[in-house]
1. Name every residue in the stretch A:137-162 that is more than 8 Å from every other protein chain (Cβ to nearest Cβ), closer than 25 Å to B:G255 by Cβ and of a type in the set (G, A, S), in order of residue number.
2. Looking only at the stretch B:250-286, count how many residues are surrounded by fewer than 19 Cβ atoms within 10 Å (Cβ to Cβ) and over 23 Å from the mean Cα position of the chain (by Cα).
3. Please verify whether the stretch B:124-132 includes one or more residues that are assigned to a helix (DSSP H, G or I), of a type in the set (D, E) and within 14 Å of chain A (Cβ to nearest Cβ).
4. Can you confirm whether the stretch A:79-88 contains a residue that is over 30 Å from A:V188 (Cα atoms) and at pLDDT 80 or above?
5. Looking only at the stretch B:194-221, count every residue that is basic (K, R) and either in contact (Cβ under 8 Å) with a residue 40 or more places away in the chain or touching a helix residue (DSSP H, G or I) at 6+ places or on another chain (Cβ under 9 Å) (or both) and tell me the total.
6. Before we move on, is B:R171 away from chain A (no Cβ under 11 Å), modelled with pLDDT of 90 or more and either within 27 Å of B:L143 (Cα to Cα) or part of a helix (DSSP H, G or I) (or both)?
7. Going by what's in this entry, would A:M179 be described as surrounded by fewer than 20 Cβ atoms within 10 Å (Cβ to Cβ) and either assigned to a helix (DSSP H, G or I) or modelled with pLDDT under 80 (or both)?
8. Report yes if A:A110 is at negative phi and either among the polar types (S, T, N, Q) or out of contact with any Cys (no Cβ under 8 Å at 6 or more places or on another chain) (or both), otherwise no.
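The values are calculated or read from the model by the stated rules, or taken from the named source; none is laboratory data. For clarity, every value in this text was computed on a predicted model and none was experimentally measured. In this analysis, Cβ positions are derived from the backbone assuming ideal geometry, glycine residues included, and neighbour counts consider all displayed protein chains.
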Amino acid sequence: MHALGRTILYRLVLGLFSILAVSVVVFSALEFLPGDFAASVLGRSATPETVAAFRQELGLDLPPVQRYLAWIGGLLHGDLGTSFAGRAYTPRPVADIVLPRLGNTLFLAAVTAALATPIALFLGLLAALYRNSRFDRLVNALTLSTIAIPEFLVAYLIILVLAVKFPLFYSMSSLSPGMTLAEKLYLVALPVLTLSFVIVAHMMRMTRAAIIGVLSSPYIEMARLKGTRPWHVIFRHALPNALGPIVNVIAFSLAYLVVGVVVIEVVFVYPGIGQTMVDAVRNRDIPVVQACTLIFAVTYITLNLVADIVAIATNPRLLHAR
Amino acid sequence: MRADLATKTADTSVRRRSKLLAAAPFAARVAAVIVLIYLLVALFAPLLAPFGEGEVVSEIPYAPPGGAFLLGTDQLGRDQFSRLIYGARNSMGIALATTAISFTLGSLFGIIAATRRGWVDQAISRFVDVIMAIPQLIFALILLSIAGSSIPNLIIIIALLDSTRVFRVARSVAMNVVAMDFIEAARLRGEGLVWIIRREILPNILPTLVAEFGLRFCFAFLTISALSFLGLGIQPPTADWGSMVREASPLIAYGKMSLFIPAVAIAVLTISVNLLVDWFLDKASGLRNER
């Protein structure tokens, strides 16, 4: 147990270190802005004086280390800076723009995870049990193609079938505050379905591999030779040992969701953080882009960290690498 | 013995290649033909396209297919078919350039890290770890917001980000080769590092790198298409499949399916390249097991 605790602590420190390193990278975004940037934010009418004032307001005249510390200090207090958009008239804090959208994205991700995980595990289990059967090969080909094609194609195919040919759902998922959960769920049906398609493909393939790995171990053969019933072998002998890899798979797939959500939110005009980030990039609203990048990166790192720790905790062999 | 093997593969490589293709499974053969067609269309786009890339040829926006316009026109009255053909050239050309740069960088640093080890390896590897801690699309977005969207920026940004993945693959396969006896032998003979890399390491890691090239190409292609679809990649009037999907997307609500033409064009290419890579990997590992 001692060794386990130490390894987990080590991983946590490593994760924290990655987040710190990422924050430096994200911070340097402002550092490498081209010289004409202030002018392009302020518009063509900006005089050299207003440009200089803007640079000063951003703190570009202070030494980078000092600015970084101030920025990180602000982040830790929930101050994400001020948006560039319309800053001449009504300065908007980045937090006000990003945080409500973050809630929407988390909702989308949570519903997707709740739908996709059981389906993926079930399909993965079936494919592993009946491997090399016609079902396995069909699922294999389907998931491979899903992974190889662009997400927007999947999205538009779903829209074509479920919103245009058979108008059961809306092709736009514009949430507004004050909706009931049922209304929200109905609105996000299509984006959830699209995202599910994409991550089920990933999750299912990895689950299949994990279970096949366990099923080929000698103790499973032993259980079979003893005459244990097939389903008993699966649920009592194989599954407990495959659980670690499977939780690992889930965390990895959710990390993948972080990226998938950007394109899907744009397709369905969903008011989430992905859409916010795309708009901010288009308007070169750097503070908003920075905040979104940090949120995405921290989520991604955390999920990968969880996957790592679960893998180590459930498989003591990994403690003694080499 | 290794030199033996090298001359043998060199002698028969051409003959073997044609034999290999003939023995390839049906799916791989179809995929090869498809990729070839795509390449030819991209190469000869100006000869094949009936109209110019950005030429406004009709007064009717969104004209239906038929007549002079095989696939109809787009929102500005440009010929969709011509734009599709030019799109092949632009989308594939940009993705190829990106992959070429990411490969040169990634495999160069990968091999250097594997041969040098020590602090050089540590420094590059930790740097790559940090880059890879941020999802690639997100990283590309923040870099594009800083640098602004233009084709050279797009190529450089995606190439730099993607080279981290090439680096990891190249480093790990090169590590295995560097540990072999013939490398030690070459070192003891007093061969220089460059000679060792060129004559001993590179030929041994080439199959893996070739397969990786296919996968990285797909990835770059999909990333650039996604960025263009988001309106942040290749900018108008340059024709590109991702932006074509974006431009045609409002029509889907009226049941017009023109957006599926470029979208399916993307999908068919990536699936074909994936199939080819799959088959090549099977074959490459098979060739290695023969001895």
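1. Listed by number, the list holds a single entry, A:A155.
2. Number satisfying all stated conditions: 8.
3. The answer is yes; a qualifying residue exists.
4. Among the residues of the stretch A:79-88, not one is over 30 Å from A:V188 (Cα atoms) and at pLDDT 80 or above, which makes the answer no.
5. 2
6. yes
7. yes
8. Yes: the conditions hold for A:A110.
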